[in-house]
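The values are calculated or read from the model by the stated rules, or taken from the named source; none is laboratory data. As the structure is a prediction and not an experimental result, all values here were calculated from the model. In this analysis, Cβ positions are derived from the backbone assuming ideal geometry, glycine residues included, and neighbour counts consider all displayed protein chains. Protein only, heavy atoms only, side chains kept; ligands, DNA and RNA dropped before computing areas. Shrake-Rupley method; radii C 1.70, N 1.55, O 1.52, S 1.80 Å.
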Amino acid sequence: MAELTEKQKIKNEKKRLKNEKTLRKMKKNRWWSGFIGFILFSSIVAVTLVVLIAWMMTFVVESKLVEESNNARLIAQLYSEKTSDNKEMDKMLDALNLQRDYIVLDKNGTQLELKGTDTRNGNNSLNYTTAKLGNVVIYQDIQGQFLRIDEENSVDLDFAGIINNKPLAAGGARYIAQENDLIVPFWMGVEVPNSDKMIFVKSAVDMDEGDVIFMGIVIGIIALILVGGYVIMVINLVRGIANHRRINTMLFTDPVTKNTNWTWFKAKGEQLISSRKGAAYNYAVIDFDFVKYRNFCIAHSVEEGERALKDIFDVISAGLLKNEICAHSANAHFAVLLTYVNEENLDSKIRSILSKLEKLYIEHKLAFHVGVEKKGVKLDDRGKAIRRIDANIEQDYFNACAAAEELSESDDSGISYFDEILIEQQKWIDTVNDNQEAAVKNEEFQVYYQPKYDPKTNKLAGAEALIRWNSPEYGFVSPGKFIPIFEKNGFITEIDHYMITHVARDQKRWLDQGFKCVPVSVNVSRAHFVEDDLAEQIRDMVDREGAPHDLVEIELTESAFFDDKNAMITTINKLKEYGFSVSMDDFGAGYSSLNSLKDMPLDVLKLDAEFFRGDKADGRGEIVVSEAIRLAKKLNMRTVAEGVEDRAQVEFLAQHDCDMIQGYYYAKPMPAVEYEDRMRVGVKDVEAEKAAEAANAASNANAEVQAATN
Ligand code: C2E
Ligand code: MG
Ligand code: MG
């Protein structure tokens, strides 16, 4: 895996930002934010209710009070105009139907005059000023706040009288207090004009059933809105809490282990690493990759496989400290965040988890590839730990996975620490990925030919076509640097087509030009062998170029023989039927299987260069080589020895009837034009070439000595 291409990086970054936004939203959307909303809403509604009721009351009461304040002012006016005795005033009041009890006070509150009885409730007075009323002082009456008129009109006829005796409104009928009416008794004080006295007049207003019903309806509607709002808020709050829980579960729970998942790991991990407290810890982000999980599922069952993942999760999380976390991140991968004191401590912590995991099942030893990205504490000038505010756990885990990927060739457990070389390697992989298509289009890939010679006659007997990348940007690149990448990314099939086509084209051209052509072998990747019409594809490609089939040989690597054997045999048979020879490349490298020799109807066996490396004097290598040649012969196969570099080896191989040698002793891979020269000459006079080279070297040395003595 390791690092990504630019496009992928941008895509990932976008994804990361989107995830972060969602997480931020989720964090904001806590259930208590709903609760606060609820409280706020209730308060607003309650205040509105109070204000509305107060306004209602004021409206109703004020409209009633206006009449009474006018009466009080009229009495005050009469009082201010009266001469010495009260009789005159009483007459006027009688005439106006306004005979009321009243009290006159001076500015200090001293009673100057009293008519009737003072029933003011001294504890409950109120200064009241409005545009309609002017400035009045209201006292409650000791007889009560509300008086109801009963059947006999008996309750406090005194107040009922006030109501009944009010002066006639212009053109209106006299109002008579009705049974069930509510009478509100009070005393109303107004200033006596042109004096500093106050006159308090016994007053009353009535509220008939209509008033009460109107107020009841208004209050009821308001209360209904309030209660309705409350109910909606409560429902929303409960729903919000439930939704929050559900989203949390959905977003943060892994369906297999029923525990934490990658999204949670990322959010929690970043919080831990970037917190003020976390700055003081060394952290490692680790990938535990369960090796061959697929095989485990095939051997057991998918259910057992998933149970194993759950068990693995439990083992890892059981040994974690408070600020360490773990999650099932993907398929067979587990993301783990560990703290550590020093590198030995980290290594031993990882090994301890690893050994527990390996021994999880008695009957089946598990293996894990462990990739580690370390994040040590960074100190500032004063020795204080610097907060990792730019922590990016996704990148850390990505690096850990890249490190684990380094172990992918092995089926055994292992630990791999991330380092910068991996990044360089990944950059190169990206470069190859990004340039492969253009390189084919611009014919940047060149076919080099490495001749194969018959060691007995030194005659040119064949060649192998080997690819080279002549990149205007990256220079001359050898296949070891890009073929494995193509094998992984699948572009290898394109390359194989390219090579077969170019070799067939060259062979056809050389035939047309009169060259004495020999078969040229082309490497075909094992990835290609999954296509069941491979033989037909090759045949058609060669036919399109017009080259004879016997001049093209197909090389298969030995490792390819471990795939679908029957499909392989079918393809080999078809290729042979169409007239192509088929060879097994690199025989002896890696896992050799004599079985594949038994089963595959091959024409040529290529002994791997490894046989000719090193110089073990015990002769065992030679025995193996000579016996391999004998075996091939018995199976009617020709033999080619690869990577032969010295004369002794050539002589040995000639002695043991090896048919061809492909190695630096004869020739290195070369461009087509140079190979044409080899075809022209046909036989290579190795001795003469060696003698010429030696003479050349001697004359160069002589010239150097001469130059030095001069
Ligand atoms: P291979 O098919 O086994 O090719 C033989 C490799 O051994 C070539 O390396 C060749 O240059 C090298 N070699 C030959 N004689 C000697 C010698 O005496 N000494 C040393 N040290 N090396 C020698 P090359 O060209 O670097 O290719 C490496 C591998 O890349 C090939 O191994 C083959 O597996 C792959 N490859 C090369 N070209 C192609 C291609 O066109 N298609 C595919 N699928 N794979 C290719
Ligand atoms: Mg080869
Ligand atoms: Mg080889």
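The magnitude of the dipole of the range 482-591, with charges of +1 and -1 set on the Cβ of Lys/Arg and Asp/Glu and taken from the Cα centre, is near 280 debye.
Between Met207 and Leu182, Ile183, Val184, the built amide H atoms are under 5 Å apart, and every one of these is 5 or more places off in sequence or on another chain. Solvent exposure of the range 590-697, expressed per residue, is 56 Å² of accessible area, with all protein chains present and a 1.4 angstrom probe. Compared with the direct C-alpha span, the chain from Arg239 to Arg294 gains 15.6 nm at full extension, assuming 0.36 nm per residue. Under a 5 Å amide H cut-off, with hydrogens placed 1.01 Å from N, Glu553 pairs with Val520, Ser521, Val522 among residues at least 5 apart or on other chains.
Couplings 3J(HN,Hα) of the range 248-263, computed from phi: 4, 5, 5, 6, 10, 10, 7, x, 7, 8, 6, 9, 5, 10, 4, 4 Hz, in residue order, whole Hz [Karplus 6.51 cos²θ - 1.76 cosθ + 1.60, θ = phi - 60°; x for Gly and Pro].
Against the chain, whose longest principal axis is taken from its Cα atoms, helix 565-577 shows a tilt of about 50°. Under the combined filter of DSSP loop state and at most 12 neighbouring Cβ atoms within 10 Å, the range 352-383 retains these GluC sites (Glu not before Pro): Glu363. This model, with +1 at the C-beta of Lys and Arg and -1 at the C-beta of Asp and Glu, gives the range 340-395 a dipole about its Cα centre of some 200 debye. Calculated mean residue ellipticity at 222 nm for the chain: -16000 deg cm²/dmol, from DSSP H runs with n ≥ 4 weighted as -39500 (n - 2.57), summed, divided by the residue count and rounded to 500. Each peptide in 251-264, 572-585 gets a packing score, the mean of other Cβ atoms within 10 Å over its residues, and the list from highest to lowest is 572-585, 251-264. Using the Karplus relation 6.51 cos²θ - 1.76 cosθ + 1.60 with θ = phi - 60°, the per-residue 3J(HN,Hα) values for the range 451-463 come to x, 10, 10, 7, x, 7, 10, 6, 8, 5, 10, x, 7 Hz, with x marking Gly and Pro.
Based on protein heavy atoms only, the range 334-466 ends up with 51 Å² per residue of surface accessible to a 1.4 Å probe. Restricting the range 313-392 to chymotrypsin sites (Phe, Trp or Tyr not before Pro) that sit in a DSSP loop and have at most 16 other Cβ atoms within 10 Å of their own Cβ leaves Tyr361. Converting phi to 3J(HN,Hα) with the Karplus coefficients 6.51, -1.76 and 1.60 and the offset θ = phi - 60°, the range 525-533 yields 5, 5, 4, 6, 6, 6, 7, 7, 9 Hz in sequence order, with x at every glycine or proline.
Stretching the chain fully between Asn180 and Ser410 yields a gain of 72.8 nm (0.36 nm per residue, less the alpha carbon separation). With only the Cα atoms considered, the chain has a convex hull volume of 393 Å³ per residue.
Selection among Gly134, Phe529, Asn295 by position relative to the dipole of the chain gives Gly134 as farthest towards the positive end (Cβ unit charges, Cα centre). The H on the amide N of Arg638, modeled in the peptide plane, is under 5 Å from the matching H of Val604, Leu605, each at least 5 residues off or on a different chain. The charge dipole of the chain, taken about its Cα centre with unit charges on the Cβ atoms of Lys, Arg (+1), Asp and Glu (-1) only, comes to about 1420 debye. Per atom type, the chain shows carbon and sulfur on 54% of its accessible surface, probed at 1.4 Å. Between helix 343-358 and the chain there is an angle of about 80 degrees, using the helix long axis and the longest principal axis of the Cα atoms.
For the range 644-710, chymotrypsin sites (Phe, Trp or Tyr not before Pro) are listed when DSSP marks them as loop and at most 16 other Cβ atoms sit within 10 Å of their Cβ; the list is Tyr664. Compared with the dominant principal axis of the Cα atoms in the chain, helix 492-512 is inclined by about 30°.
Can you find, among Gly579, Gln436, Asn261, the residue farthest towards the positive end of the dipole of the chain? Put +1 on the C-beta of Lys and Arg, -1 on that of Asp and Glu. Positive-end residue among those listed: Asn261.
Bridgeable lysines around Lys375 (alpha carbons under 17 Å apart, same-chain partners fewer than 8 residues away excluded): Lys266, Lys268, Lys277, Lys349, Lys384. Which of the lysines could a cross-linker span from Lys684 if the Cα-Cα distance has to be under 24 Å and same-chain partners fewer than 8 positions apart are dropped? By straight Cα distance, Lys684 reaches Lys452, Lys456, Lys459, Lys508, Lys516, Lys606, Lys668. Largest accessible area first, the listed residues Phe146, Phe491, Phe41 line up as Phe146, Phe41, Phe491 when surface is computed with a 1.4 Å probe on the assembled protein chains. Rank Ile554, Val205, Phe398 by how far each Cα sits towards the positive end of the charge dipole of the chain (+1 on Lys, Arg Cβ; -1 on Asp, Glu Cβ) and give me just the farthest. Checked the options; the winner is Val205. Averaged per residue, the range 177-332 has 51 square angstrom of accessible surface, using a 1.4 angstrom probe with ligands and nucleic acids left out. Here the contact order of the chain, divided by its residue count and restricted to Cα pairs under 8 Å and six or more residues apart, works out to 9 percent.
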